[in-house]
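Trainee: Pasting a structure below so you can have a look.
The values are calculated or read from the model by the stated rules, or taken from the named source; none is laboratory data. Bear in mind the structure is a predicted one, so any value in this text is a computation, not a measurement. Please note: Cβ atoms are built from the backbone with ideal geometry, for glycine as well, and neighbour counts cover all protein chains shown. Heavy atoms of the whole protein, side chains included, go into the accessibility calculation; ligands, DNA and RNA do not. Shrake-Rupley method; radii C 1.70, N 1.55, O 1.52, S 1.80 Å.
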Amino acid sequence: MNDMAPSPAARLDLDAMRAALTIAETGSVSVAASRLGRTPAAISMQLKKLEDTLGNALFNRTRSGMTLTTAGERLMPYARRMVETERAAREAFLSAALSGTVRLGLIDDVIGVHLTAMLAAFARSHPGVTVDVTVGPSVTLGPQLERGEVDIALITTGGPGLDPRDSDIVLSDEPLAWVVARTGDVWAERPLPLALSAHGCAWRRQTLEALEHADIPHRVAYQSEFTTALSAAVAGGLAVSVLPPSAMPEGTRVVGPAEGAPPLGSAQIIMRLGHRPSGVTTALAARIAEQFGANLESPAS
């Protein structure tokens with residue numbers, strides 16, 4: 001496409017801007033389509049229409065994915081503001097009628113990564129709603145949800161009594177990685193010192209099974225339900241842990257196969273709602289799904 005000035009009569013389509021923003025965040029038309037509940041063909045058509053409207057190519061299409069052009073980078077702040085303004089307008093009319101308390105249970109791994117700013121924004125847009133937050137391991141939060149003690153649970157599946165369900169909403173699905181301090185050589189220690197979550201954590205089970213299968217001697221040197229404590233041990237060069245890349249603390253790096261690291265599974269975080277969710281529960285669940293780029297109307301299959 002030859003870049004040129006857009007027509008003075010051009011009008012920007014909000015759905016197309018949302019599609020472009022999601023492609024930029026994911027680097028993939030197909031992933032963006034899945035998040036937005038559309039087909040890849042429909043998303044590609046929206047993107048082409050937007051590029052035609054603006055008279056500029058917005059993405060470089062490469063084998064490794066979609067990357068922003070200079071024009072695309074210039075557009076993104078406007079696209080983000082448009083999408084956020086549209087959401088704020090919707091919430092301004094919805095929030096007036098919403099009041100009450102919603103009880104959110106979540107694992108420590110997702111607090112700083114995704115939810116701190118989102119919860120603050122939800123509180124501002126829904127002043128009549130109180131969000132009661134409980135932090136704990138998945139193996140505890142799952143039963144609490146079943147007993148009605150929390151309304152929404154953000155957990156990992158795979159632990160005891162935490163088999164996946166068709167109604168689960170997948171928020172993120174990343175490959176687990178062996179994480180060590182950027183300096184030092186803790187990976188070479190034998191037995192390998194580990195910093196792991198408490199018993200019942202699916203990631204702990206995956207870690208131990210991988211080491212046993214690779215016949216690597218190991219010991220659990222640090223154990224905690226909280227990622228911050230485990231991250232401190234790892235960043236200090238005292239132990240090795242297994243984390244999704246998005247949760248890696250500063251000063252750490254990934255140990256790969258070239259250094260003898262055995263393969264690991266994925267780190268899937270899901271949102272599970274209690275029975276008969278209320279209006280305030282549904283409102284918060286929709287906001288969480290949007291924060292993660294998930295589709296609340298399309299549960300995991």
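Trainee: Can you pull out the residues in the range 169-204 that are at pLDDT below 95 and of a type in the set (V, I, T)?
Mentor: Answer for the range 169-204, where residues must be at pLDDT below 95 and of a type in the set (V, I, T): I169, V170, T183.
Trainee: Then there is this: From the residues in the range 256-287 that are open to solvent by 50 Å² or more (accessible area, probe 1.4 Å) and among the small types (G, A, S), which one is nearest to R190 (Cα to Cα)? Show your work before the answer.
Mentor: In the first step, residues of the range 256-287 are kept if they are open to solvent by 50 Å² or more (accessible area, probe 1.4 Å); the result is 257-259, 263, 266, 268, 273, 275-278, 282.
Next, from what is left, pick out any that are among the small types (G, A, S): 258, 266, 278.
Details: A258: 18, S266: 25, S278: 52 Å.
Taking the candidates together, the pick is A258.
Trainee: Would you mind stating whether D168 is open to solvent by 70 Å² or more (accessible area, probe 1.4 Å) and either on the phi > 0 side of the Ramachandran plot or among the acidic types (D, E) (or both)?
Mentor: No; evaluated as a whole, the condition is false for this residue.
Trainee: Could you grab the pairs with beta carbons closer than 9 Å, sequence gap of 6+ or different chains, first residue in the range 153-175 and farther than 19 Å from I288 by Cα, second one among the charged types (D, E, K, R) and open to solvent by less than 80 Å² (accessible area, probe 1.4 Å)?
Mentor: From the range 153-175, the pairs are G159/R204.
Trainee: Right, here's the next one. State the number of residues belonging to the range 171-188 that are open to solvent by 80 Å² or more (accessible area, probe 1.4 Å), of a type outside the set (V, I, T) and out of contact with any helix residue (DSSP H, G or I) (no Cβ under 9 Å at 6 or more places or on another chain).
Mentor: Summing the residues that are open to solvent by 80 Å² or more (accessible area, probe 1.4 Å), of a type outside the set (V, I, T) and out of contact with any helix residue (DSSP H, G or I) (no Cβ under 9 Å at 6 or more places or on another chain) in the range 171-188 gives 2.
Trainee: Cβ contacts < 6 Å: first residue assigned to a strand (DSSP E or B), restricted to the range 103-115; second residue open to solvent by less than 10 Å² (accessible area, probe 1.4 Å) and modelled with pLDDT of 80 or more, any location; separation 6+ or different chain. Result?
Mentor: Final answer for the pair search is R103/V150; L104/I152; G105/L141; G105/V150; G105/A153; L106/L154.
Trainee: If F226 meets every condition in (1) open to solvent by 40 Å² or more (accessible area, probe 1.4 Å); (2) touching a Gly at 6+ places or on another chain (Cβ under 8 Å) apart from one, which number is that one?
Mentor: Only one criterion in (1) open to solvent by 40 Å² or more (accessible area, probe 1.4 Å); (2) touching a Gly at 6+ places or on another chain (Cβ under 8 Å) is unmet by F226, namely (2).
Trainee: Here's another thing I want to ask about it. For the range 234-255, what are the residues that are of a type in the set (G, A, S), modelled with pLDDT under 95 and open to solvent by less than 20 Å² (accessible area, probe 1.4 Å)?
Mentor: A247, the sole residue that qualifies.
Yes or no, residue by residue, for (1) among the small types (G, A, S); (2) at pLDDT 90 or above:
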site	(1), (2)
M1	no, no
G37	yes, no
L50	no, yes
A96	yes, no
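Trainee: Take the conditions modelled with pLDDT under 95 and surrounded by 14 or more Cβ atoms within 10 Å (Cβ to Cβ) and apply them to N56. Does it pass?
Mentor: On the way: modelled with pLDDT under 95: yes; surrounded by 14 or more Cβ atoms within 10 Å (Cβ to Cβ): yes.
So N56 passes the test.
Trainee: I'd like to know if the range 101-113 contains one or more residues that are polar (S, T, N, Q) and modelled with pLDDT under 90.
Mentor: no
Trainee: Continuing with this model, one more query. Taking the condition of being in a loop (DSSP other than H, G, I, E, B) and loosely packed, with under 13 Cβ neighbours inside 10 Å, how many residues in the range 125-150 meet it? Let's see the steps before the verdict.
Mentor: Going residue by residue through the range 125-150, those that are in a loop (DSSP other than H, G, I, E, B) are 126-128, 136-137, 147-150.
Right, trim to loosely packed, with under 13 Cβ neighbours inside 10 Å and you get 127-128, 147-148.
Number of matching residues: 4.
Trainee: Return the residue satisfying two criteria in turn: it lies in the range 210-219 and is surrounded by fewer than 17 Cβ atoms within 10 Å (Cβ to Cβ) and without any contact (Cβ under 8 Å) to a residue 40 or more places away in the chain, and of such residues it is nearest to S266 (Cα to Cα). Steps first, please.
Mentor: So in the range 210-219, the residues surrounded by fewer than 17 Cβ atoms within 10 Å (Cβ to Cβ) come out as 212-217, 219.
Checking which are without any contact (Cβ under 8 Å) to a residue 40 or more places away in the chain leaves us with 212, 215, 217, 219.
Working: E212: 18, D215: 21, P217: 23, R219: 22 Å.
The extreme case among them is E212.
Trainee: In this structure, is T207 part of a loop (DSSP other than H, G, I, E, B), polar (S, T, N, Q) and either modelled with pLDDT of 85 or more or surrounded by 18 or more Cβ atoms within 10 Å (Cβ to Cβ) (or both)?
Mentor: No, not satisfied.
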